[in-house]
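Here's the structure we're looking at; comments come further down.
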Amino acid sequence: MIAILDYHNKVRGNQVFPPASNMEYMVWDENLAKSAEAWAAMCIWEHGPQYLLRFLGQNLSVRTGRYRSILQLVKPWYDEVNDYVFPYPRDCNPRCPLKCYGPMCTHYTQMVWATSNRIGCAVNTCHNMNVWGSVWRRATYLVCNYSPKGNWIGDAPYKVGVPCSACPPSYGGSCSNNMCFPGVTSNYLYWFK
């Protein structure tokens, strides 16, 4: 899963345009990973559970067949940048009664939501999974949870400007790879009880 975290930080730090002035470095959150694992184990192709979605952002991906890298499940989220015009996803308005069609970019905007600085993901193989009305056999299901939640309607995913010029004060002016950097010694955030 470190590849997913590294890919997010690569995109957030070096592949947003226009450049972000308040992009925060993302760290791995084991609690978010555990909640993603619980949802992925359900093999339900929809966002959830609902009670958590008030607090968390979430991206989902599914595929059948073999894959070489977990990033093959994540890169389509970044590819939505081709349908996104900063600052708001005006042209990204998918219609999803049974199966989504039309341009979508909310996976991309969640990836680059400046204040979403924690991520936790899980992957599960679902023997039979209902995806848009079809049963997919041996589906690989990826769930990534983000905190704090992004994709607030009417808000841009980040502020435009010189990288790190609008970092929150808690970062103490620290900047790394065009992101507000917390000075952590590890990319992993563990919560001990």
Task: Scan of the stretch 157-183 for residues that are more than 22 Å from Phe17 (Cβ to Cβ) and of a type in the set (Gly, Ala, Ser), ordered by number - done: Ser170, Gly172, Gly173, Ser174, Gly183
Task: Which listed residue is of a type outside the set (A, V, I, L, M), assigned to a helix (DSSP H, G or I) and either touching a Lys or Arg at 6+ places or on another chain (Cβ under 7 Å) or at pLDDT below 95 (or both), from Tyr7, Tyr51 - done: Tyr51
- [ ] List every residue pair whose Cβ atoms lie under 9 Å apart, where the two residues are 6 or more positions apart in sequence or sit on different chains, the first residue falls within the stretch 45-63 and is within 13 Å of Gln110 (Cα to Cα) and in contact (Cβ under 8 Å) with a residue 60 or more places away in the chain, and the second residue, located anywhere, is of a type in the set (Phe, Trp, Tyr) and assigned to a loop (DSSP other than H, G, I, E, B).
- [x] Gly57/Trp113; Leu60/Trp45
Task: Per-region count, the stretch 14-27, residues surrounded by fewer than 21 Cβ atoms within 10 Å (Cβ to Cβ) and outside any loop (DSSP other than H, G, I, E, B) - done: 2
TODO: Among the residues of the stretch 54-83, count how many are in a loop (DSSP other than H, G, I, E, B) and either loosely packed, with under 14 Cβ neighbours inside 10 Å or among the polar types (S, T, N, Q) (or both).
DONE: 7
TODO: Give the number of residues within the stretch 111-138 that are surrounded by fewer than 21 Cβ atoms within 10 Å (Cβ to Cβ), at pLDDT 95 or above and part of a loop (DSSP other than H, G, I, E, B).
DONE: 1
Open item on the list: Yes or no: the stretch 84-102 includes at least one residue that is modelled with pLDDT under 90, surrounded by 13 or more Cβ atoms within 10 Å (Cβ to Cβ) and hydrophobic (A, V, I, L, M, F, W, C).
Closed with: yes
- [ ] State all residues of the stretch 146-177 that are touching a helix residue (DSSP H, G or I) at 6+ places or on another chain (Cβ under 7 Å) and either aromatic (Phe, Trp, Tyr) or within 22 Å of Cys121 (Cα to Cα) (or both); if no residue qualifies, say none.
- [x] Tyr146, Ser147, Gly150, Asn151, Pro157
- [ ] Can you run down the residue pairs with Cβ atoms below 6 Å, 6 or more apart or on separate chains, where the first is in the stretch 129-150 and in contact (Cβ under 8 Å) with a residue 12 or more places away in the chain and the partner is basic (Lys, Arg)?
- [x] Trp132/Lys99; Thr140/Arg63; Ser147/Arg118
TODO: Looking for whichever is in a helix (DSSP H, G or I), surrounded by 24 or more Cβ atoms within 10 Å (Cβ to Cβ) and hydroxyl-bearing (Ser, Thr, Tyr) here; the options are Tyr146, Tyr108, Tyr141. Which one fits?
DONE: Tyr108
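The values are calculated or read from the model by the stated rules, or taken from the named source; none is laboratory data. The structure presented is a predicted model; accordingly, all values stated were derived computationally and were not measured. Here Cβ is always computed from backbone atoms with ideal geometry, including for glycine, and neighbour counts include all displayed protein chains.
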